[in-house]
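The values are calculated or read from the model by the stated rules, or taken from the named source; none is laboratory data. Owing to the predicted nature of the structure, the values given are computational and were not obtained by experimental measurement. Cβ placement follows ideal geometry from the backbone for every residue including glycine, while neighbour counts extend to all protein chains displayed. Heavy atoms of the whole protein, side chains included, go into the accessibility calculation; ligands, DNA and RNA do not. Shrake-Rupley method; radii C 1.70, N 1.55, O 1.52, S 1.80 Å.
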Amino acid sequence: MNQTQLSPPPPVAVPASPLLDVAPRRTEAFPIRRATGGDLGKLSEMLDGLSELSLYFRFQTSVGHPPRRSLIEPLLHPNGQSWVAEHDNRLIAHAMWAWAHGAPATPTAELAAIVADPYQGRGLGLRLLTLAAAHATAAGAAQLLLVVSSANDRTLRLIRRRWPTAPAERDGALINFTVPTPI
Ligand SMILES: CC(C)(COP(=O)(O)OP(=O)(O)OC[C@H]1O[C@@H](n2cnc3c(N)ncnc32)[C@H](O)[C@@H]1OP(=O)(O)O)[C@@H](O)C(=O)NCCC(=O)NCCS
């Protein structure tokens, strides 16, 4: 028996968390719908409440508090499609796809998502990215692109799980994953 097994650990008091009430592990409880221009205020509120790390991983730049309108509007009107998830009349996640810049020879849809911190780890990100991927594929994308910070372990794991064979290319501090369609 090693030192860590000598005696059972003392009971640990777990403080009651309001998040346990508002964020059930069942992700189906959170409806997903298309984003609209009317979501501007709610999306701004959601992003304003996120951790700096989540914001940085999603936007790879400082977004401000509240985030500037010029950052939010393209999230609601991409040249592809965008979605939001809701809980208690608030937005808790956003995902989108948009045609990649520069008219690449292969029609390429870039995917991105952000889930409010208390709601991460419940399957919402996977659900949203899978929806965006299917929609972009149906719209004619021949490949999907996901641009991820090399420090963003959760997203790297998610991509590796969902698209295990996706080629990855390092671009400085970023990793570009390309997923050929159909998926
Ligand atoms: C990346 C991101 C969108 C993923 O969303 P998410 O909702 O947290 O993702 P999921 O819940 O689908 O998966 C995350 C983890 O939860 C786990 N999980 C999912 N559903 C679960 C459940 N019901 N019970 C327990 N664990 C669960 C998954 O297995 C996964 O585990 P891992 O991190 O150990 O690999 C989210 O973390 C985020 O917004 N991050 C900041 C912004 C960002 O990085 N965006 C991506 C740039 S494209």
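Details
- Out of PRO180, PRO118, sole residue that is more than 13 Å from the ligand (Cβ to nearest atom) and open to solvent by 30 Å² or more (accessible area, probe 1.4 Å): PRO180
- For the residues ALA98, ALA85, the requirement of being open to solvent by less than 10 Å² (accessible area, probe 1.4 Å) and within 13 Å of the ligand (Cβ to nearest atom) singles out ALA85.
- Where a residue in the stretch 108-123 is hydrophobic (A, V, I, L, M, F, W, C) and its partner, wherever it lies, is within 6 Å of the ligand (Cβ to nearest atom), with Cβ under 7 Å and at least six apart: LEU111/LEU146; ALA112/ARG58; ALA113/GLY125; ILE114/SER54; ILE114/ARG58; VAL115/LEU124; VAL115/GLY125
- Matching residues, the stretch 72-91, being touching a helix residue (DSSP H, G or I) at 6+ places or on another chain (Cβ under 8 Å) and at positive phi: ASP88
- Within the stretch 52-73, residues that are under 15 Å from ALA113 (Cβ atoms) and open to solvent by 30 Å² or more (accessible area, probe 1.4 Å) sit with their Cβ atoms under 9 Å from residues that are assigned to a helix (DSSP H, G or I) and modelled with pLDDT under 95, at 6+ positions apart or across chains, in these pairs: PHE59/LEU71.
- Taking each residue of the stretch 151-168 that is over 15 Å from GLY123 (Cα atoms) and looking for partners that are away from the ligand (no atom under 13 Å from the Cβ) and open to solvent by less than 60 Å² (accessible area, probe 1.4 Å) with beta-carbon atoms closer than 7 Å, six or more apart or interchain, yields ALA166/THR178; PRO167/THR178.
- Search result, residues across the stretch 20-47 that are among the β-branched types (Val, Ile, Thr) and modelled with pLDDT of 90 or more: ILE32, THR36
- Scanning the stretch 148-177 for residues that are open to solvent by 60 Å² or more (accessible area, probe 1.4 Å) and under 13 Å from the mean Cα position of the chain (by Cα) yields ASP153, ARG154, ARG157.
- Check on PRO10, modelled with pLDDT under 50 and either open to solvent by less than 80 Å² (accessible area, probe 1.4 Å) or more than 16 Å from the ligand (Cβ to nearest atom) (or both): yes
- ALA105 fulfils the conditions (1) closer than 21 Å to ARG157 by Cβ; (2) more than 6 Å from the ligand (Cβ to nearest atom) except for a single criterion, (1).
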